[in-house]
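Asks: This is the structure I have questions about; it appears just below.
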Protein chains: 2
Amino acid sequence: MTISKGRQAFPRTEYLRRLATVKVEMARRDIEALMINNLPNITYLTGYTAHSGNVPLGIVVSVRNEEPAFILRRMDAPAAIHQTFLERDNVIGYPESLIGSAAKDGFDIVIDSIHDLGLAGRGLGLELDNLSPRAAEKFKVRMPRARIVDCTNVVAWIRIIKSDLEIAVIQEAAAISDAAIMRTAEVLRPGAREADVAAEISATLVRGVDGKPGTSLSDFFFCTSPRTGTPHIAWSEDNICRGSQINLQLSGVRYGYHGPIMRTFSIGAPSERLRRLYDAELAGLEAALSAVRPGATCSEVAGAFRRTIEKLGFRKESRCGFSTGIDWVEPTASLKDGDLTELKPNMTFDLMLGNWIDEDFGCALADTFRVTESGAEVLNRAPRNLFEIQ
Amino acid sequence: MTISKGRQAFPRTEYLRRLATVKVEMARRDIEALMINNLPNITYLTGYTAHSGNVPLGIVVSVRNEEPAFILRRMDAPAAIHQTFLERDNVIGYPESLIGSAAKDGFDIVIDSIHDLGLAGRGLGLELDNLSPRAAEKFKVRMPRARIVDCTNVVAWIRIIKSDLEIAVIQEAAAISDAAIMRTAEVLRPGAREADVAAEISATLVRGVDGKPGTSLSDFFFCTSPRTGTPHIAWSEDNICRGSQINLQLSGVRYGYHGPIMRTFSIGAPSERLRRLYDAELAGLEAALSAVRPGATCSEVAGAFRRTIEKLGFRKESRCGFSTGIDWVEPTASLKDGDLTELKPNMTFDLMLGNWIDEDFGCALADTFRVTESGAEVLNRAPRNLFEIQ
């Protein structure tokens, strides 16, 4: 009748530590309840990784209780009991009749729970950027005495510094990414159908490595000539040709955490143009890593990269990286000019040096690194060279 | 220097037909510009299927121009030129400096384009449920004379009826779904690691069938005992056991279109409880399909299902299906009691009869069907039985 607890990615103490940090921030902002409905933030605070689809759900962190309450559609409640550290009484499934209903939806149940806590007239944090105007209005109308505070990226800024336990999981995700790159090098051949190579990649991302499977699949990007100037598209229905180039961007996933990588593959000898660009990116990558140390800013790391490739005759318009973790792209620090976020130990970044310099030409190179006490530790192990396939 | 047009899923005439229908709806609502930023709606109106991530983008359909303008980050503009039917001048890439910027973002460029059209003081449609309160406010502040009309599901309601060209693509997606189910039946064995079976499924979803690969991967769900009472979780790290049950929900994808399916697998003879539930769902499926005809309502189809399983001693709390297409779950018609949407030829539904009746027990059965001139045509071909694996 009841579902058991599943394998937990982290011990209860780790989640309570994260929640304690959130509660300190709540006190600083004078709020007594905080509703989190951004999925990566929910994963961070509970361990939930199921995909509930585009329906209201949220956790309510409050000064009243050690654990948050998790409100989600009834169908998904057993997954929340199974996957998270929460006591089952703190998982509240709302009726399926609220799905696809305009008048009343799951956020009404969230609001009910805040009323039940006696906190509807206090400071209330919402992730407003993650709500529609209609949903935000519902909170205002049904809690007219609440002082609503926008807490959109509050949890994201807390999770920018990873625990050692999280680093270990990100390392496992990065190892899966490496395995997918090496599998690509094995199966990528002239005449191979792009979709068949992509099938091997997806299988590797699920199968994982060292007995540790991927726990879900993240979109990956497989951009073959003439699409090497664009980063976010999938394999095509064509076959790989001699002279083609493939830019590959992918990430293994463990318990929601990413360890992304990008590599470039050339079928046959690379063109002079590609060789020069890739060498510049590689030199830029080394310069960026050399600039990483606690206390340096994101802007300084980006500057080291920029100056290096400019000397070699190139520019890169897009940022050269961002905080990575439960989101592949966390909405906090960017490695770009002007981002004055200070690096601290156990921040993790996707050093994303893909450079799409022309509509039909670019290349891909990225590694995941963590900030150590003294510098940078790259978590990927795949060779950094331009892969040349014969 | 310039990227070529890629293979198009549909001819230009098909996109112009869709746009014409949107423009009729705009006239009815007295709006002269409509900003669409829901990705499935953008796919529907342009053919774009790249994954631009969580950054502002939108198309502006206006009375001024035959084609919409597509505003997106510069990095993704070549993909929009390559994948869509749009003239290249109608693809507008905004600078990468606007990514991760709080003060000004891509929606400012959308607003600029509406000003440039001379339409900033007219009726303006927005998909408000797809905007944050902050983004919605930006439109109001920067276009104070515009009369803003919420058009959240306007395009979704237009695309509920598919063209024959779309049906053909959904049929291809459904064939991939079938292939993945049959591959599962081949590799699912006692002792097999769940992740290895899932790897084969993902590879099949990419590789496709009959020379038609999947064009992207949709999340799939692989719920093994004791997780058969929950629908939306992934494979675990465990091995399949004798006596285990697996509920599988997946969909092939072609050019963004889905053709979903669910099936239940039993390792060894199914329990009496599972057999009874599955037989009831199967009878319910046949009853629901028999009730499908143009003019019948969604509620009537749901009622036929409900009455059948109730006679056999079961209830299902969640709706028994929904419109499917570019979204797996389209936000329009639901097969549920009280949904009075009338069925019309070439509507397509995921007849989703997964029934999670206890925290630790449920089963999965679903097919995709289209409404014909006289009834229902099921687009999946995989056997409907409970798969018994020895």
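A short reminder: the numbers here are calculations on the coordinates, not readings from a lab. Given the structure is predicted, the values throughout are model-derived calculations rather than measurements. Note that each Cβ is placed from the backbone with ideal geometry, even for glycine, and that neighbours are counted across all protein chains shown.
Asks: Mind listing the long-range amide H neighbours of residue A:354? Cut-off is under 5 Å, sequence gap 5 or more, other chains count too, H placed in the peptide plane at 1.01 Å from N.
Replies: Hits under the 5 Å cutoff: A:365.
Asks: Right, another one. Provide an ascending nm list, one decimal, of label-point separations from residue B:137 to the equivalent residue in each further copy; define each label point as 7 Å from Cα along Cα→Cβ.
Replies: Shortest to longest, the spacings are 1.5 nm.
Asks: Quick one: order A:279, B:178 by neighbouring beta-carbon count within 10 Å, fewest to most.
Replies: Numbers: A:279 14, B:178 22.
The fewest-first ordering by Cβ neighbours comes to A:279, B:178.
Asks: Projecting each Cα onto the charge dipole of the protein assembly as shown (Lys/Arg +1, Asp/Glu -1 at the beta carbon, about the Cα centre), which of B:149, B:258, A:43 comes out farthest on the positive side?
Replies: Final value for the positive-end residue is B:149.
Asks: For residue B:269 and residue A:7, what is the calculated FRET efficiency with R₀ set at 25 Å and r taken between the beta-carbons, to the nearest 0.05?
Replies: Working: r = 28 Å, r/R0 = 1.12.
Computed FRET efficiency for residue B:269 and residue A:7 comes out at 0.35.
Asks: Same structure again: Listed here are the pairs A:23/B:140; A:212/A:316; A:138/B:23; B:162/B:336; A:311/A:336; which of them are more than 25 Å apart at the Cα? Write out the running numbers ahead of the final one.
Replies: On the way: A:23/B:140 35 Å; A:212/A:316 36 Å; A:138/B:23 31 Å; B:162/B:336 21 Å; A:311/A:336 18 Å.
In this structure, A:23/B:140; A:212/A:316; A:138/B:23 exceed 25 Å between Cα atoms.
Asks: Expressed as an acute angle from 0 to 90° and rounded to the nearest 10, what is the orientation of the C-alpha long axis of helix A:106-116 relative to the principal long axis of chain A?
Replies: Value to nearest ten degrees: 50.
Asks: What percent do you get for the relative contact order of chain B when only Cα pairs under 8 Å and 6+ apart count?
Replies: Here the relative contact order equals 14 percent.
Asks: Can you give me the C-alpha center-to-center distance between the stretch A:28-45 and the stretch B:21-44, rounded to a whole angstrom?
Replies: Cα centroid of the stretch A:28-45 versus Cα centroid of the stretch B:21-44: 35 Å apart.
Asks: Tabulate in residue order the Karplus-calculated ³J(HN,Hα) for the stretch B:203-213, using 6.51 cos²θ - 1.76 cosθ + 1.60 with θ = phi - 60°, rounded to whole Hz; enter x for Gly and Pro.
Replies: Listing the rounded values in order: 4, 5, 5, 7, 5, x, 8, 6, x, 10, x Hz.
Asks: Just the number, please: percent antiparallel of the DSSP beta bridges in the stretch A:164-389, rounded to the nearest 5. Don't jump to the answer; show the numbers that get you there.
Replies: Working: 30 of 33 bridges.
Taking every DSSP beta bridge with both residues in the stretch A:164-389, the antiparallel ones total about 90 percent.
Asks: Of all DSSP beta bridges located in the stretch B:1-128, what percent are antiparallel, nearest 5? Write down the numbers at each step before the final one.
Replies: Details: 7 of 14 bridges.
Here the share of antiparallel DSSP bridges comes out near 50 percent.
Asks: Restricting to bridges with both residues inside chain B, how much of the DSSP beta-bridge set is antiparallel, in percent to the nearest 5?
Replies: On the way: 38 of 52 bridges.
In chain B, approximately 75 percent of DSSP beta bridges are antiparallel ones.
Asks: Sort A:94, B:255, A:257 so the one with the fewest other Cβ atoms within 10 Å of its own Cβ comes first.
Replies: B:255, A:94, A:257
Asks: Sort shortest first the distances from residue A:5 to its counterpart in every other copy, using label points 7 Å along the Cα-to-beta-carbon line, and give them in nm.
Replies: Output for residue A:5: 5.9 nm, nearest copy listed first.
Asks: Treating the beta-carbon of each Lys and Arg as +1 and of each Asp and Glu as -1, no other charges, what is the dipole magnitude of the stretch A:63-109 about its Cα centre, to the nearest 20 debye? Show your work: numbers first, answer last.
Replies: Details: 5 positive and 8 negative charges, 23 e Å.
The dipole magnitude comes to about 120 debye.
Asks: So, one more: Treat every Asp and Glu Cβ in chain B as -1 and every Lys and Arg Cβ as +1, leave all other atoms uncharged, and give the resulting dipole magnitude about the Cα centre to the nearest 20 debye.
Replies: Numbers: 46 positive and 50 negative charges, 101 e Å.
Dipole magnitude for chain B comes out near 480 debye.
Asks: Starting from the exponent 0.38 and prefactor 2.2 Å, build the expected Rg for chain B from its residue count and divide its actual Cα Rg by it. Write down the numbers at each step before the final one.
Replies: Numbers: Rg = 22.7 Å, N = 390, 2.2 N^0.38 = 21.2 Å.
Normalised Cα radius of gyration, chain B: 1.07.
Asks: While we're looking at this one, here's another question. For the protein assembly as shown, what are the per-bin percents of Cα-Cα distances with bins 20 Å wide, up to the bin holding the maximum?
Replies: 16, 51, 31, 1
Asks: Relative contact order of the stretch A:164-389: what whole-number percent is it, with Cα pairs under 8 angstrom and at least 6 residues apart?
Replies: Values: 551 pairs, mean separation 53.2, N = 226.
Reported as a whole number, the value is 24 percent.
Asks: Sticking with this structure for a sec: Provide the per-residue ³J(HN,Hα) series for the stretch A:167-175, in order, calculated from phi with Karplus coefficients 6.51, -1.76, 1.60 and θ = phi - 60°, each as a whole number of Hz, with x at glycine and proline positions.
Replies: Running phi through 6.51 cos²θ - 1.76 cosθ + 1.60 with θ = phi - 60° gives 4, 4, 6, 4, 4, 5, 5, 5, 5 Hz.
Asks: Can you give me the long-range amide H partners of residue A:148? Hydrogens built in the peptide plane at 1.01 Å from N, cutoff under 5 Å, separation of 5 or more residues or another chain.
Replies: A:124
Asks: Checking the cross-link filter: which aspartates and glutamates have an alpha carbon closer than 20 Å to that of residue B:5, excluding same-chain neighbours under 8 positions apart?
Replies: Within the straight-line cut-off, residue B:5 pairs with A:194, A:237, A:238, A:358, A:359, A:360, B:14, B:66, B:67, B:76, B:87, B:89.
Asks: If amide hydrogens are placed 1.01 Å from N in the peptide plane, which non-local residues have theirs closer than 5 Å to the one on residue A:388?
Replies: A:266
Asks: What is the Cα centroid distance between the stretch A:200-257 and the stretch A:110-126, reported in whole angstrom?
Replies: Comparing the Cα centres of the stretch A:200-257 and the stretch A:110-126, I get a distance of 43 Å.
Asks: Taking neighbour counts of Cβ atoms within 10 Å as a proxy for exposure, in what order, fewest first, do A:141, A:329, B:187, A:169 appear?
Replies: Numbers: A:141 9, A:329 20, B:187 16, A:169 24.
Fewest to most other Cβ atoms nearby, the residues stand as A:141, B:187, A:329, A:169.
Asks: Mind checking the angle between helix B:298-311 and chain B's longest principal axis? C-alpha axes, 0 to 90 degrees, to the nearest 10.
Replies: It works out to around 20 degrees.
Asks: For chain A, find the longest principal axis of its Cα atoms and tell me its angle to the long axis of helix A:12-28, 0 to 90°, nearest 10.
Replies: The two axes meet at around 70 degrees.
Asks: Under a point-charge model restricted to the Cβ atoms of Lys and Arg (+1) and Asp and Glu (-1), what is the dipole moment magnitude of the stretch A:70-157 relative to its Cα centre, in debye to the nearest 20? Working shown, then result.
Replies: Working: 11 positive and 12 negative charges, 61 e Å.
Result for the stretch A:70-157 is approximately 300 debye, rounded to the nearest 20.
Asks: Using a 7 Å offset from Cα along the direction of the beta-carbon, what are the separations from residue A:312 to the same position in each other copy, nm, ascending?
Replies: Values, ascending and in nm: 6.5.
Asks: For the stretch A:297-362, what are Rg and Dmax over the alpha carbons, in angstrom?
Replies: Reported Rg and Dmax, both Å: 12.4, 39.
Asks: OK, next. With θ set to phi - 60°, apply the Karplus curve 6.51 cos²θ - 1.76 cosθ + 1.60 along the stretch A:365-374 and write out the HN-Hα couplings as whole Hz, x wherever there is a Gly or Pro.
Replies: Along the stretch A:365-374, the couplings run 7, 7, 9, 9, 10, 10, 7, 9, 5, 10 Hz.
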